[in-house]
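Chemist: Handing you this structure, nothing more for now.
The values are calculated or read from the model by the stated rules, or taken from the named source; none is laboratory data. All figures in this text were calculated on a predicted structure; none of them were measured in a lab. All Cβ positions, even for glycine, are placed from backbone atoms using ideal geometry, and neighbour counts span all protein chains on display. Ligands, DNA and RNA are excluded from the accessible area calculation, which covers all protein heavy atoms including side chains. Shrake-Rupley method; radii C 1.70, N 1.55, O 1.52, S 1.80 Å.
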Amino acid sequence: MAAEIHSRPQSSRPVLLSKVEGHQDVVSAALLIPKEDGVITASEDRTIRVWLKRDSGQYWPSIYHTMSSPCSAMAYHHDSRRIFVGQDNGAIMEFHISEDFNKMNFVKTYPAHQNRVSAITFCLMSEWVISTGHDKCVSWMCTRSGSMLGRHYFTSWASCLQYDYETRHAFVGDYSGQITLLKLEQNTSSVITTLKGHEGSITSLWWDPVQRLLFSGASDHSIIMWDIGGRKGRTLLLQGHHDKVQAICYIQLTRQLVSCSADGGIAVWNMDISREEAPQWLESDSCQKCEQPFFWNIKQMWDTKTLGLRQHHCRKCGQAVCGKCSTKRSSYPIMGFEFQVRVCDSCFESIKDEDRTSLATFHEGKHNISHMSMDISRGLMVTCGSDRIVKIWDMTPVVGCSLATGFSSR
């Protein structure tokens, strides 16, 4: 069906529809059941639960299943009603959920990892279950036979995963801050490239196969958009969170990115504009504005009989500058800087008031968010975290769209 796109006032915010409580430990994953008023949750309390909305408006568990080890990751394939649950012990267990969502049958156990499973995806076309883990590897296993097809090892814990089903390319983020692009074959894999740009561990990835864009969130509080399909390899930096970015989701229809951070921050970024790429930081032995030496430039300090200065960088032009030449701070949203950052004095003068207009909206989820998932067709989002609470949100006021068959636009 055609989509309705509605312009929204800036004051619009996510609407909290429901809270789901009952877990005894961290809720590690929560997924909305498509076309149903239901949520599937997996928790460190070793339970996987299916919650259905009753006539009273409350969510009650229709399925309550206890695992042998804490649940750390989950994937659900709605058309086949197959669910894959990763555990702390490295195993992945497959279940089949009944049509009425009141019964769950065990199918198979996959010995995928030697340590905690961090992410899972299922490909029906190839019948592969692909996963990453804290044993520093990505593995892919055959769901028909249950056998291991291949593994690829990294130097750090593999923390998150995205997969392109058509080309069999896997994107794996790790704790070193690196993202590896792999081509997976039946029994082998090959490294296509590695992406380096974050200063902290990769916490979340999102792949958009239509525009061929990869989004990555990290513990350095930032998001990077990697233009995988573009020949120039363009990257855009987004900085607006004040804690590690735990989850991201790109809405291709409206060109908006939704991100959640550990402090409960929910951001909606407008990506349907021409943004500027942040410059590379330039290196210099002296300030590129006043030419005063930096503190390691002993020769110039000796020649000019001056004390060396501390080096800074202008976020707008990338030049190496001293503190006296960069006394100002400014936001610059078109380059992704939604809060004030250091800029040199000349760049500050060039930034107009309209250049400081925010290109994102920021909202408060009011709980620690460790995982987020969206049902884009209905404009719904579910968040969960270490406070053991699951929250269901109506995001249509801020993402500005809803499918005609889905959630009400008002």
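Chemist: Look at the stretch 107-154 and say how many of its residues are part of a strand (DSSP E or B) and either open to solvent by 60 Å² or more (accessible area, probe 1.4 Å) or not hydroxyl-bearing (Ser, Thr, Tyr) (or both). Outline the logic, then answer.
Modeler: Start the filter on the stretch 107-154 by keeping residues that are part of a strand (DSSP E or B), which leaves 107-110, 117-123, 128-133, 137-142, 148-153.
Subset that is either open to solvent by 60 Å² or more (accessible area, probe 1.4 Å) or not hydroxyl-bearing (Ser, Thr, Tyr) (or both): 107-109, 117, 119-120, 122-123, 128-130, 133, 137-138, 140-142, 148-153.
Count: 23.
Chemist: In this structure, is Gln311 over 30 Å from Val399 (Cβ atoms) and either in the same structural domain as Trp226 (by the TED database) or open to solvent by 30 Å² or more (accessible area, probe 1.4 Å) (or both)?
Modeler: Working: over 30 Å from Val399 (Cβ atoms): yes; either in the same structural domain as Trp226 (by the TED database) or open to solvent by 30 Å² or more (accessible area, probe 1.4 Å) (or both): yes.
It is true that Gln311 is over 30 Å from Val399 (Cβ atoms) and either in the same structural domain as Trp226 (by the TED database) or open to solvent by 30 Å² or more (accessible area, probe 1.4 Å) (or both).
Chemist: What about Thr155, is it in contact (Cβ under 8 Å) with a residue 12 or more places away in the chain and under 30 Å from Lys316 (Cα atoms)? Show your work before the answer.
Modeler: Working: in contact (Cβ under 8 Å) with a residue 12 or more places away in the chain: yes; under 30 Å from Lys316 (Cα atoms): no.
When the stated conditions are applied, Thr155 does not pass them.
Chemist: Just for strands (runs of 3 or more DSSP E) wholly inside the stretch 57-96: which have at least 2 residues that are open to solvent by 30 Å² or more (accessible area, probe 1.4 Å)?
Modeler: 59-66, 71-77
Chemist: Right, something else. Checking the conditions here, which among Ser346, Ser326 is touching a His at 6+ places or on another chain (Cβ under 6 Å) and of a type in the set (Ser, Thr, Tyr)? Step through it out loud before you land on a result.
Modeler: Values: Ser346 fails: touching a His at 6+ places or on another chain (Cβ under 6 Å).
On inspection, the qualifying residue turns out to be Ser326.
Chemist: Could you say whether any residue in the stretch 271-279 is crowded, with 20+ Cβ neighbours inside 10 Å and in a strand (DSSP E or B)?
Modeler: Within the stretch 271-279, the first condition is being crowded, with 20+ Cβ neighbours inside 10 Å, and the residues that meet it are 271, 278.
Now narrow it down to the ones that are in a strand (DSSP E or B): none.
There is no residue in the stretch 271-279 that is crowded, with 20+ Cβ neighbours inside 10 Å and in a strand (DSSP E or B).
Chemist: Here's another thing I want to ask about it. Give the residue, chosen from Gln239, Gln252, that is of a type outside the set (Phe, Trp, Tyr), open to solvent by 40 Å² or more (accessible area, probe 1.4 Å), assigned by the TED database to the domain that holds Gln211 and in contact with a His (Cβ under 8 Å, 6 or more places away or on another chain).
Modeler: Gln239
Chemist: Let me ask you something else. Name every residue in the stretch 27-56 that is among the hydrophobic types (A, V, I, L, M, F, W, C) and open to solvent by 40 Å² or more (accessible area, probe 1.4 Å), in order of residue number.
Modeler: Keep residues of the stretch 27-56 that are among the hydrophobic types (A, V, I, L, M, F, W, C), which gives 27, 29-33, 39-40, 42, 48, 50-52.
Matches in the stretch 27-56: none.
Chemist: Another question, if that's okay. Of the residues in the stretch 379-401, how many are out of contact with any Asp or Glu (no Cβ under 8 Å at 6 or more places or on another chain), over 18 Å from Leu257 (Cβ atoms) and touching a residue at least 40 places away in the same chain (Cβ under 8 Å)?
Modeler: Of the residues in the stretch 379-401, 6 are out of contact with any Asp or Glu (no Cβ under 8 Å at 6 or more places or on another chain), over 18 Å from Leu257 (Cβ atoms) and touching a residue at least 40 places away in the same chain (Cβ under 8 Å).
Chemist: Please work out if Asp263 is closer than 17 Å to His363 by Cα, assigned to a loop (DSSP other than H, G, I, E, B) and not assigned by the TED database to the domain that holds Glu338. Spell out how you get there, then give the answer.
Modeler: Working: closer than 17 Å to His363 by Cα: yes; assigned to a loop (DSSP other than H, G, I, E, B): yes; not assigned by the TED database to the domain that holds Glu338: yes.
For Asp263, the condition - closer than 17 Å to His363 by Cα, assigned to a loop (DSSP other than H, G, I, E, B) and not assigned by the TED database to the domain that holds Glu338 - is met.
This table checks each residue for (1) touching a strand residue (DSSP E or B) at 6+ places or on another chain (Cβ under 7 Å); (2) over 30 Å from Asp25 (Cβ atoms); (3) not assigned by the TED database to the domain that holds Ile223.
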{"position": "Cys325", "(1), (2), (3)": "no, yes, yes"}
{"position": "Ser330", "(1), (2), (3)": "yes, yes, yes"}
{"position": "Phe337", "(1), (2), (3)": "yes, yes, yes"}
{"position": "Val341", "(1), (2), (3)": "yes, yes, yes"}
{"position": "Cys344", "(1), (2), (3)": "yes, yes, yes"}
{"position": "Cys347", "(1), (2), (3)": "no, yes, yes"}
{"position": "Gly365", "(1), (2), (3)": "yes, no, no"}
{"position": "Asn368", "(1), (2), (3)": "no, no, no"}
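Chemist: Let me spell it out: the conditions are (1) under 22 Å from Arg46 (Cα atoms); (2) in contact with a His (Cβ under 9 Å, 6 or more places away or on another chain), and Val138 meets all of them except one. Which number is the exception?
Modeler: It fails just one condition, (1).
Chemist: Sticking with this one: Yes or no: Ile392 modelled with pLDDT of 90 or more, in the same structural domain as Ser216 (by the TED database) and touching a Gly at 6+ places or on another chain (Cβ under 8 Å)?
Modeler: Working: modelled with pLDDT of 90 or more: yes; in the same structural domain as Ser216 (by the TED database): yes; touching a Gly at 6+ places or on another chain (Cβ under 8 Å): no.
No; evaluated as a whole, the condition is false for this residue.
Chemist: Any idea which residue in the stretch 344-365 is farthest from the chain's Cα centre (by Cα), counting only those that are surrounded by fewer than 13 Cβ atoms within 10 Å (Cβ to Cβ) and part of a loop (DSSP other than H, G, I, E, B)?
Modeler: Selected residue: Lys352.
Chemist: Here are Tyr175, Tyr163: which of them is hydroxyl-bearing (Ser, Thr, Tyr), surrounded by 14 or more Cβ atoms within 10 Å (Cβ to Cβ) and over 23 Å from Ile40 (Cβ atoms)?
Modeler: Numbers: Tyr163 fails: over 23 Å from Ile40 (Cβ atoms).
Selected residue: Tyr175, the only one of Tyr175, Tyr163 that is hydroxyl-bearing (Ser, Thr, Tyr), surrounded by 14 or more Cβ atoms within 10 Å (Cβ to Cβ) and over 23 Å from Ile40 (Cβ atoms).
Chemist: Do we find that Leu213 is touching a residue at least 24 places away in the same chain (Cβ under 8 Å) and in contact with an Asp or Glu (Cβ under 7 Å, 6 or more places away or on another chain) in this structure? Break it down stepwise before answering.
Modeler: Working: touching a residue at least 24 places away in the same chain (Cβ under 8 Å): yes; in contact with an Asp or Glu (Cβ under 7 Å, 6 or more places away or on another chain): yes.
Yes: the conditions hold for Leu213.
Chemist: Looking at the stretch 315-328, is at least one residue aliphatic (A, V, I, L, M) and in a loop (DSSP other than H, G, I, E, B)? Please lay out each step first, then the result.
Modeler: The first filter runs over the stretch 315-328 and keeps only residues aliphatic (A, V, I, L, M), leaving 320-321.
Among the residues that remain, those that are also in a loop (DSSP other than H, G, I, E, B) are: none.
Looking through the stretch 315-328, none of the residues is aliphatic (A, V, I, L, M) and in a loop (DSSP other than H, G, I, E, B).
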